[in-house]
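To start, the structure under review is shown below, and the notes come after it.
The values are calculated or read from the model by the stated rules, or taken from the named source; none is laboratory data. None of the values given here were measured: they were computed from a predicted structure. Neighbour counts are summed over all protein chains in view; Cβ atoms, including those assigned to glycine, are modelled from backbone coordinates with ideal geometry.
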Amino acid sequence: MPQRLAAAAPGWTARADVVVVGSGIAGLTAALGARRAGLSVLLVTKTWLDAGSTRWAQGGIAAALGPDDSPDEHLRDTLVAGVGLCEEDAVRVLVTEGPARVRELVEAGARLDRDPAGRLVFTREGGHHRDRIVHAGGDATGLEVQRALLEALRSDPEVDVLEQALVLDLLKDADGRACGVTLHVIGQGARDGVGAALGRAVVLATGGLGQVYASTTNPSVSTGDGVALALRAGAEVTDLEFVQFHPTVLWLGDLYGGQQPLVSEAVRGEGAFLVDDGGERFMQGVHELADLAPRDVVAKAVLRRMLETGAPHVWLDGRAFGEEKWRRRFPTILASCREHGIDPVRELVPVVPACHYASGGVRTDLSGRTTVPGLYACGEVACTGVHGANRLASNSLLEGLVFAARIAESLTAELPPLAEPVADPRPAGVVAAGVRPRLQRAMSDGAGVLRSAATLSATLDAIDELSGPVSGEPCTECWEATNLLTVSAALASAAVLREETRGSHWREDFPGRDDEAWRMHLVTTLEDGRLHVRREPLRSPEAPAVAGAAR
């Protein structure tokens, strides 16, 4: 693996107290929190401020805000979904601080859905035993959250925003502390081409890695840039093998790839259900929550039924809703289905699992600190310990709010003076841009929902064949392909080592869950160009297996 990306020397420099990379819910929350603390902020985003995964979030935000709910109940549901690998202290932070963070979001201008009396409207999603999901615009929660946070950000003239900027590598000072990043900018006047963004701290909020697979709900910008940067910088990455596949993504045909339309779990939360070609409700008897079981359970059941019947998909039945409910509660999904020639008001909706969310990521503590001093991470790029082996539905936006706010709090107490970066003598390289589709197919075939030693070995062989360096001028496509290859190799290396089935990691050759051998975390590092994966005991080994603990 390249130890740093081949790129031209920085031709310009920008400075701020804090460099935030990413403009989703986590990055915007961290930036706004740093500004409230009086720190100057440079916000770097890969394309435009309103791009990324947050705007695509349909379901909502899970938080114990209802009168019949409690943080302890939310904690229990999260621990069960995480199948024994959640950090209980991290989950407790999430569920106890979450309600206050959601209220602050509302105070910042987010318009959540309410009933005629002005009370918040709650719904339920898979794995939850209470109606605790708040939403906006029916099924456009992420879009509304993004709008509110961006409006607050744009009202602050002291936030320096750099769009169309692909982050490349971490810069370190003489003490090995993060002091900025290199990045490539397309068309920003004086800040064009490769430059350096220097800061007293760097916050990674770059989102997910969904583009390592051929079919995903993630936008095209989700190429694992933050995880790859962190690995090259010497940071520890945890539990990359746990990639959640959303069980209900609109099936558009076997030849369709890239970002695919999500059909939110909230549709099932409102009463829709899954059936096979024969009309059988196959989730009944699989789990006590049937169609609202945790996502890993539903995705596996869907795939099992597809394998049994030979069908290319299953069906989602929401015909009982009627036109008015579809228009009011799920206008985005209704429009998406109809755009593709399907009318969910009158027809069954064809759905399949597709890559959705990375439960693992850059390892952090409860304040978002990574194992590299001065480097923080939050949102999907991070592994806080909240999600364990399988993220509970609608905990992702909440995690971004809670842990980004914690990073902002810790920054006020521990920032050193701004330091200058030192040269990085390690060899640089990139891979050819053309490896991307072949890599995505190899990952989907061998390291997707169904895995085995044979398929993972074939995937790693394919990655090895694709990893040859290229000559010529590096470009955005080369940098992205290199990040995807680095993250794919780390993911497959962890997946082949974990010889059990747990949560979103399904090994056909090891179908059982093995708490004695594998109730632990896998930590990956990149050293001298080679990936190293080690086991690490749980922090709370005395906790019951269902309750989980962590790294």
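Here are the numbers for the structure shown:
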quantity: Check on Val302, part of a helix (DSSP H, G or I), outside the structural domain of Gln211 (by TED's automatic domain parsing) and under 20 Å from the mean Cα position of the chain (by Cα); calculated: no
quantity: Flag for Leu143 being surrounded by 19 or more Cβ atoms within 10 Å (Cβ to Cβ), of a type in the set (A, V, I, L, M, F, W, C) and not assigned by TED's automatic domain parsing to the domain that holds Arg502; calculated: no
quantity: Residue within the range 463-477 that is under 19 Å from Gln244 (Cβ atoms), polar (S, T, N, Q) and within 24 Å of the chain's Cα centre (by Cα) present; calculated: no
quantity: Subset of the range 24-33 (residues that are of a type in the set (Val, Ile, Thr) and either part of a strand (DSSP E or B) or in contact with a Lys or Arg (Cβ under 9 Å, 6 or more places away or on another chain) (or both)); calculated: Thr29
quantity: Flag for Arg346 being more than 24 Å from the chain's Cα centre (by Cα), charged (D, E, K, R) and either under 30 Å from Ala404 (Cα atoms) or part of a helix (DSSP H, G or I) (or both); calculated: no
quantity: Qualifying residues in the range 46-87 (those that are part of a helix (DSSP H, G or I) and farther than 26 Å from Leu28 by Cα) - the one nearest to the chain's Cα centre (by Cα); calculated: Ala81
quantity: Selection within the range 242-271 - more than 30 Å from Leu522 (Cα to Cα), under 26 Å from the mean Cα position of the chain (by Cα) and without any contact (Cβ under 8 Å) to a residue 60 or more places away in the chain; calculated: Gly253, Asp254, Leu255, Tyr256
quantity: Condition broken by Thr182, with the remaining ones in (1) modelled with pLDDT under 95; (2) surrounded by fewer than 24 Cβ atoms within 10 Å (Cβ to Cβ) satisfied; calculated: (1)
quantity: Residue that is surrounded by the most Cβ atoms within 10 Å (Cβ to Cβ) [pool: residues in the range 268-291 that are touching an Asp or Glu at 6+ places or on another chain (Cβ under 7 Å) and assigned to a helix (DSSP H, G or I)]; calculated: Arg268
quantity: Qualifying residue in the range 3-23 (condition: within 20 Å of the chain's Cα centre (by Cα) and in a loop (DSSP other than H, G, I, E, B)); calculated: yes
quantity: Ala6 out of contact with any Ser or Thr (no Cβ under 8 Å at 6 or more places or on another chain), of a type in the set (Gly, Ala, Ser) and in contact (Cβ under 8 Å) with a residue 12 or more places away in the chain; calculated: yes
quantity: Pairs with Cβ under 7 Å, 6+ apart, first in the range 307-319 and assigned by TED's automatic domain parsing to the domain that holds Gly253, second part of a strand (DSSP E or B) and of a type outside the set (A, V, I, L, M); calculated: His313/Pro350; Trp315/Pro350; Leu316/Thr248; Asp317/Phe273
quantity: Residue match in the range 475-495 (condition: touching a strand residue (DSSP E or B) at 6+ places or on another chain (Cβ under 6 Å) and more than 25 Å from Thr217 (Cα to Cα)); calculated: no
quantity: Selected residue (only one of Ala419, Ala423, Ala405, Ala442 is exposed (fewer than 15 other Cβ atoms within 10 Å of the Cβ) and of a type in the set (Gly, Ala, Ser)); calculated: Ala423
quantity: Total residues in the range 60-76, condition touching a helix residue (DSSP H, G or I) at 6+ places or on another chain (Cβ under 9 Å) and either without any contact (Cβ under 8 Å) to a residue 24 or more places away in the chain or acidic (Asp, Glu) (or both); calculated: 4
quantity: Within the range 390-405, tally of residues that are at positive phi and among the basic types (Lys, Arg); calculated: 0
quantity: Only listed residue being assigned to a loop (DSSP other than H, G, I, E, B), surrounded by fewer than 16 Cβ atoms within 10 Å (Cβ to Cβ) and either in contact (Cβ under 8 Å) with a residue 60 or more places away in the chain or not aromatic (Phe, Trp, Tyr) (or both), chosen from Gly118, Gly126; calculated: Gly118
quantity: Residue in the range 225-233 that is touching a strand residue (DSSP E or B) at 6+ places or on another chain (Cβ under 8 Å), modelled with pLDDT of 95 or more, crowded, with 24+ Cβ neighbours inside 10 Å and among the β-branched types (Val, Ile, Thr) present; calculated: yes
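Table: residues versus (1) under 24 Å from Asp365 (Cβ atoms); (2) buried (at least 24 other Cβ atoms within 10 Å of the Cβ).
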{"site": "Thr54", "(1), (2)": "yes, yes"}
{"site": "Gln58", "(1), (2)": "no, yes"}
{"site": "His74", "(1), (2)": "yes, yes"}
{"site": "Leu85", "(1), (2)": "yes, yes"}
{"site": "Arg92", "(1), (2)": "yes, no"}
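Each row is one residue, and each column tells you yes or no for (1) closer than 26 Å to Gly388 by Cβ; (2) not small (Gly, Ala, Ser).
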residue: Pro10; (1), (2): no, yes
residue: Leu39; (1), (2): no, yes
residue: Gly59; (1), (2): yes, no
residue: His74; (1), (2): yes, yes
residue: Asp77; (1), (2): yes, yes
residue: Gly82; (1), (2): yes, no
residue: Val102; (1), (2): yes, yes
